[in-house]
Amino acid sequence: MNEDKVRNGNRRSLLSGPYALWIAGFTILPLIVIMKYALTDKTGAFTTANLTAIFTDPINRKALWLSLKIAVGTTLICILLSYPMVLAMKHLGLGKKGFSLFIIILPMWMNFILRVLAWQMILSNNGLLNLLLTTLGFEPVRIANTETAIMIGSVYDYLPYMMLPIFTAIMEINEDLIEAAKDLGAGGFTVFRKVIFPLSIPGLLSGFVMVFVPSMTSFVIADILGGGKLQLIGNIIEQEFTTANNWPAGSGLSVMLMLLVLISTAFTMRRKTEGRESALW
Amino acid sequence: MFDPILQLEHITKSFDGKKILNDFDLEIGRNEFVTLLGPSGCGKSTILRIIGGFVRPDSGRVFFEGQDITMLPPEKRNVNTVFQKYSLCPHKNVEENIAFGLKLKKKSSDYIRDKVKYALKLVNLDGFEKRDTLSLSGGQQQRVAIARAIVNEPEVLLLDEPLGALDLKLRHEMQRELIKIKKEVGITFLYVTHDQEEALMRSDRIIVMNKGIIQQAGDSQSIYDEPQNAFVADFIGESNIIDGIMVKDLLVNIQGVDFPCVDTGFGENNPVDVVIRPEDLEIVKAGEGYLTGQVISIIFKGAYYEIKVKVNDYEWMIQSVDPAPIGELVGLTIDPDNIQIMHKPLRDDEEVVRDE
């Protein structure tokens with residue numbers, strides 16, 4: 001009987017075959033290829049220079065630093081925007097809640113490039129923002145092709161990915177728990193600090209991974225809103241592969257970037273959240 | 001001397017246009033154990049939530065030690081609630097859950113440690129300080145919830161069907177423990193339940209409610225023995241409720257037979273409701289009792305048999321330690337003391353609740 005069970009189990013595990021093939025062909029194999037390129041120079045000899053280039057080359061260093069700034073800033077702003085919004089949505093009726101959720105998701109249905117291009121129009125020196133400011137009698141601002149512009153674009157694009165998991169986590173909190181905290185003497189902010197926030201951490205961590213990682217590695221937003229003048233590490237990798245045709249250098253940077261992202265997310269995820277893991281770990 | 005700690009005056013509350021409470025008054029004395037008893041939807045939980053501060057009444061006032069607290073938010077009230085679903089914080093261990101209120105009051109850590117230890121001892125959970133709340137059983141979680149409320153030394157403890165989620169045996173055990181805790185801490189308990197057995201077991205005063213209106217208030221004995229209307233009689237324990245005619249004082253006619261009774265003041269030849277508890281009816285030989293009928297069913301209930309005897313078209317329920325064979329003709333007799341006469345219901349909230 002036990003043997004039957006084992007055999008059954010084995011047969012069922014065959015169902016994961018297509019997925020395993022997919023992973024092997026499109027994740028593991030490319031990783032190995034990238035690793036091979038990263039560890040060899042143009043002649044094919046072994047080297048670690050491609051890996052260390054991210055710290056040794058001043059251009060790379062500057063790009064990495066800018067990427068980190070943008071990623072950390074984007075993530076923080078997304079968190080700061082998400083909580084008040086979600087708390088405001090919490091007490092809406094079922095219909096209004098669904099509608100507000102729909103509004104948040106709506107931009108995600110539009111083409112990514114289009115959204116970024118729209119922001120370029122808005123933020124450019126003769127754009128909508130400055131038109132609005134000058135008609136209202138304010139001084140125009142010059143934020144086109146700056147870090148601020150990249151940050152605005154990133155926040156706009158990644159905000160739903162932060163808001164949705166936090167929304168889900170907070171909606172799961174039983175209203176009784178909040179009443180119990182009030183009953184024990186907790187005012188509004190204490191309830192948030194002691195009950196709502198700690199219980200929303202799994203959502204926050206999912207949101208963190210989904211916002212921090214793409215805003216750290218993306219290059220499209222920086223390309224369009226940075227006007228090609230500001231380079232994120234993603235832009236440099238892109239150029240190594242396309243214009244410079246230096247695959248080993250690009251691979252080395254990718255591998256290091258991946259390691260850095262892994263380390264920073266693993267560091268955040270170390271905190272075990274009351275038996276419930278966040279969506280990605 | 002009655003020393004009121006909580007007073008509700010003319011409370012009215014509607015939800016979605018449906019009136020739950022209408023001009024409701026209630027006074028609760030210091031150190032009383034008061035139970036609000038009624039079927040679900042009768043407004044008993046709403047009263048508790050109004051006192052706790054989670055629901056604001058549409059009109060009316062709530063006084064706590066003479067102070068008007070109607071508009072005070074829950075965190076500013078010196079009452080604590082034990083919720084039906086425990087509502088412990090899953091991200092905190094037992095000790096942190098219990099210490100929550102004390103920490104907010106900025107008590108010293110020594111004081112908190114001692115208090116938590118004392119409270120855990122009181123609810124029979126010695127040494128559970130570091131346990132994860134999610135690893136506890138339902139009964140243990142509810143004990144922690146009780147401990148969490150009483151460490152704050154509230155003047156009034158509100159209990160909202162706290163044993164509703166527990167199984168029967170555990171419920172009985174916890175009922176006894178609640179009485180013990182009440183004696184030990186000596187604070188006012190306001191207890192909400194739909195379980196009549198729970199209410200009878202330990203309250204100083206039971207307030208039976210239906211449709212937002214108090215049907216009867218009194219101690220367990222008077223509520224059980226002298227129900228004032230058909231609703232109370234039916235809701236508290238098993239009962240035979242049958243139409244009767246009050247011939248004159250001390251004499252009631254049921255099913256065409258005159259029964260001597262002890263009630264007076266119902267006028268002459270007035271229709272009334274008569275309540276007879278099944279354990280008060282006695283089965284005798286056919287022809288020897290007031291009524292004669294045929295046994296139509298018998299069920300063994302452990303401590304007694306539940307026997308149904310059909311007299312004309314009414315089925316009397318009798319609880320007896322002696323069985324009677326189905327089909328046999330038997331007589332029924334009753335002590336005059338055990339016949340309870342009630343006025344006919346004036347409003348629908350006084351009537352027996354029927355399952356539809």
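The values are calculated or read from the model by the stated rules, or taken from the named source; none is laboratory data. Predicted, not measured: the structure shown is a model, and the values here were computed from it. Every residue, glycine among them, receives a Cβ derived from its backbone with ideal geometry; neighbour counts consider all protein chains shown. The accessibility values were calculated without ligands, DNA or RNA, using every heavy atom of the protein model including side chains. Shrake-Rupley method; radii C 1.70, N 1.55, O 1.52, S 1.80 Å.
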- Task: Using the Cα centre as the reference, give the magnitude of the dipole from point charges on the C-beta atoms of segment B:1-112 (Lys, Arg: +1; Asp, Glu: -1; all else neutral), rounded to the nearest 20 debye.
- Result: 460
- Message: Loop only by DSSP, 16 or fewer other Cβ within 10 Å of the Cβ. Give me the GluC sites (Glu not before Pro) in segment B:1-67 that pass, ordered by residue number.
- Response: B:GLU65
- Item | Beta bridges per DSSP with both ends in segment B:4-225, % antiparallel, nearest 5 | 55
- Efficiency by 1/(1 + (r/R0)^6): what FRET value for B:SER135 and B:ARG30, r their Cβ-Cβ distance, R0 = 56 Å, to the nearest 0.05? 0.90
- Which trypsin sites (Lys or Arg not before Pro) from segment A:45-145 combine a DSSP loop assignment with at most 13 other Cβ atoms within 10 Å? A:ARG142
- Run the dipole for the protein assembly as shown about the Cα centre, Lys and Arg Cβ at +1, Asp and Glu Cβ at -1, nothing else charged, and hand back the magnitude in debye, nearest 20. 4740
- Expressed as a rounded percentage, what relative contact order does segment A:57-269 have, with Cα pairs under 8 Å and six or more residues apart? 28
- Gain in span if fully extended, A:THR47 to A:SER16, counting 0.36 nm per residue against the direct Cα distance: 7.4 nm
- Task: Can you send over the carbon and sulfur percentage of the accessible area for segment B:48-146, probe radius 1.4 Å, protein chains only?
- Result: 49
- Query: Name the residues of segment A:155-175 whose amide N is less than 20 Å from a point 7 angstrom out from the Cα of A:LEU80 along the C-beta direction?
  - Reply: A:155-164, A:166-167
- Estimated [θ] at 222 nm from DSSP helical runs (n ≥ 4, -39500 (n - 2.57)) normalised by residues in chain A, nearest 500: -22500 deg cm²/dmol
- Message: Suppose the chain between B:ILE214 and B:ASN253 were pulled fully straight at 0.36 nm per residue; how much longer would it get relative to their current alpha carbon spacing?
- Response: 11.1 nm
- Those trypsin sites (Lys or Arg not before Pro) in segment A:193-242 that DSSP places in a loop and that have at most 15 other beta carbons within 10 Å: A:LYS229
- Message: Amide H of B:ILE5 versus every other amide H placed in the peptide plane: which residues, excluding those fewer than 5 positions away on the same chain, fall under 5 Å?
- Response: B:ILE28, B:GLY29, B:ARG30
- Hey, can you list the DSSP H helices of chain A whose Cα span along the axis is 18 Å or longer and whose average Kyte-Doolittle score is at least 1.0? A:58-90, A:147-171, A:197-217, A:247-269
- Query: Per residue, how much accessible area does chain B have with a 1.4 Å probe, in Å²?
  - Reply: 46
- Query: Say the dipole of segment A:1-132 comes from +1 at the beta carbon of Lys and Arg and -1 at that of Asp and Glu; which of A:LEU131, A:PHE55, A:PHE99 then lies farthest toward its positive end?
  - Reply: A:PHE99
- Query: Given the C-alpha centroids of segment A:178-209 and segment B:139-191, what is the distance between them in whole angstrom?
  - Reply: 26
- Sum -39500 (n - 2.57) across every DSSP H segment of at least 4 residues in chain B, then divide by the residue count to get the 222 nm mean residue ellipticity, nearest 500. -7000 deg cm²/dmol
- Task: Excluding residues fewer than 8 places away in the same chain, name every one of the aspartates and glutamates whose C-alpha is closer than 12 Å to that of B:LYS19.
- Result: B:ASP58
- Message: Straight-line reach from B:LYS310: which lysines fall under 21 Å, measuring Cα to Cα and dropping same-chain residues less than 8 apart?
- Response: B:LYS285, B:LYS301
- Query: Under 13 Å Cα-Cα from B:LYS183, which aspartates and glutamates qualify once same-chain neighbours fewer than 8 residues away are excluded?
  - Reply: B:GLU32, B:ASP204
- Task: Please report the relative contact order for segment B:87-239, taking Cα pairs under 8 Å with a sequence separation of at least 6, and give it as a percent rounded to a whole number.
- Result: 17
- Message: Report the number of Lys pairs in segment A:57-269 whose alpha-carbons are under 30 Å apart, with separation of 8 or more residues or on distinct chains.
- Response: 10
